[in-house]
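Okay, structure first, notes after.
The values are calculated or read from the model by the stated rules, or taken from the named source; none is laboratory data. Computed from a predicted structure; not experimentally measured. We place every Cβ from the backbone using ideal geometry, glycine too, and count neighbours over all the protein chains shown.
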Amino acid sequence: MLEPTPPNGPALEVILCGPRESFRWATHDYPHHLAKWHCHPEYELHLIRESSGRMMIGDHVGPFEAGSLILTGPNLPHNWVSAIEPGTSLRERDVLVQFSGEIADRLSHAFAEFAEVAALLQEAAFGVEFIGETAERGRKKLCDIGELEGPHRLLAFLSLMADLATRRAERRTLSRCAPALGLHTSASRKLERVIAFLGAHFRRDIALQEAADVCNMEATAFSRFFKHQTGHNFSAYVNHLRVQAACQLLATSDKSITDICFETGFNNTANFNRRFFMVCGETPSGYRATTRRIQRPPLMQRATA
């Protein structure tokens, strides 16, 4: 089999967590538009459930097989190329969690008991492959996270990271100089500019060509570029930014839902409700009610004599 050959630079993937998530759990098929040579600022624990092939982790190229479990650090390029027949596909080949450096710092510095996790996260800068019983336990716990919600989901994630960190003999680092790869490509600089632009202006109408102008590109070419680099359609990404902002206002202000709709860039309440439900799985009013119950639980009444 031919060695996979990465392009000049990895694509920069944009990771979007839900409004009530501190980390992202996901699965995807293969082939898939996210299954490519890419990097992102987040840590990623990645399980290949089936197939074998060649993996690229930073400057490491080597074989993988079903059950391979790899932890990659921030901006470490990676890809897994399965050896399958043309025209065939694998359902949910990949199971993964992605979490930010901020979450990693909290785990590492807030709890003395997580010193071993801090050491593991340092090694992740070069890519870590798990083997033996550690890999076996990690595979099961990673898959189980998808069945959980709320605090149970978070506790399962913490248990997973603790398990992975405790057996140094059952892991190996993969890359030699990976953190320096792909951080300043032409494509990544363009994407960083447009992401910053969208973050500053998503509350107003943004034409596709206006965003394309930030990258000095024609609109159609920019649309393809944005989807290829981030894994998200341009309009879907902008709407996600708006919903995230709406979630913040619903949880922390007494503004009406109509006011929040227009303040966050939506042009009518029907579109706002539809887009909000697509991202959060509930209506804005339902989200506000649930958030308020979580933030302000009813006070226990004092027992009377």
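Quick look at the numbers
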| item | result |
| --- | --- |
| Inter-residue pairs, beta-carbon under 7 Å, first without any contact (Cβ under 8 Å) to a residue 40 or more places away in the chain and in the stretch 249-265, second part of a helix (DSSP H, G or I) and of a type in the set (Phe, Trp, Tyr), 6+ apart | Cys261/Phe272 |
| The stretch 88-108 residues that are over 20 Å from His78 (Cα atoms), paired with ones that are among the aromatic types (Phe, Trp, Tyr) and in a helix (DSSP H, G or I) (beta carbon under 7 Å, 6 or more apart) | Leu107/Phe114; Ser108/Phe114 |
| Condition check for Ala66: over 22 Å from Val117 (Cα atoms), modelled with pLDDT of 90 or more and more than 16 Å from the chain's Cα centre (by Cα) | yes |
| Pick from the stretch 155-164, criterion touching a residue at least 24 places away in the same chain (Cβ under 8 Å) and crowded, with 16+ Cβ neighbours inside 10 Å, ranking: nearest to Trp25 (Cα to Cα) | Phe157 |
| Listing of strands (runs of 3 or more DSSP E) fully contained in the stretch 51-115 that carry 1 or more residues being of a type in the set (S, T, N, Q) | 69-72, 78-82, 90-99 |
| Positions within the stretch 193-225 being more than 25 Å from Asn268 (Cα to Cα) and assigned to a helix (DSSP H, G or I), in sequence order | Arg193, Val194, Ala196, Ala212, Asp213, Val214, Ala219, Thr220, Ala221, Phe222, Arg224, Phe225 |
| Selection status of Ala135, surrounded by 13 or more Cβ atoms within 10 Å (Cβ to Cβ) and modelled with pLDDT under 90 | no |
| Single match in His60, His40 (criterion: surrounded by 21 or more Cβ atoms within 10 Å (Cβ to Cβ) and in contact (Cβ under 8 Å) with a residue 40 or more places away in the chain) | His40 |
| Options Pro10, Pro86: the member that is surrounded by 18 or more Cβ atoms within 10 Å (Cβ to Cβ), out of contact with any helix residue (DSSP H, G or I) (no Cβ under 7 Å at 6 or more places or on another chain) and either modelled with pLDDT under 85 or outside the structural domain of Gly138 (by TED's automatic domain parsing) (or both) | Pro10 |
| Options Val238, Val279; residue that is assigned to a helix (DSSP H, G or I) and either modelled with pLDDT of 90 or more or over 23 Å from the mean Cα position of the chain (by Cα) (or both) | Val238 |
| Flag for Ser68 being farther than 19 Å from Pro10 by Cα, touching a His at 6+ places or on another chain (Cβ under 9 Å) and of a type in the set (Ser, Thr, Tyr) | yes |
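A quick yes/no check of all residues on (1) of a type in the set (A, V, I, L, M); (2) over 21 Å from Arg24 (Cβ atoms):
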site	(1), (2)
Gly101	no, no
Ser108	no, no
Ile131	yes, yes
Arg139	no, no
Ile145	yes, no
Arg153	no, no
Ala169	yes, yes
Ala196	yes, yes
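Residues are listed down the side, and each one gets a yes or a no for (1) modelled with pLDDT under 85; (2) under 20 Å from the mean Cα position of the chain (by Cα):
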| site | (1), (2) |
| --- | --- |
| Leu198 | no, yes |
| Ser253 | no, no |
| Glu263 | no, no |
| Ala270 | no, no |
| Pro298 | yes, no |
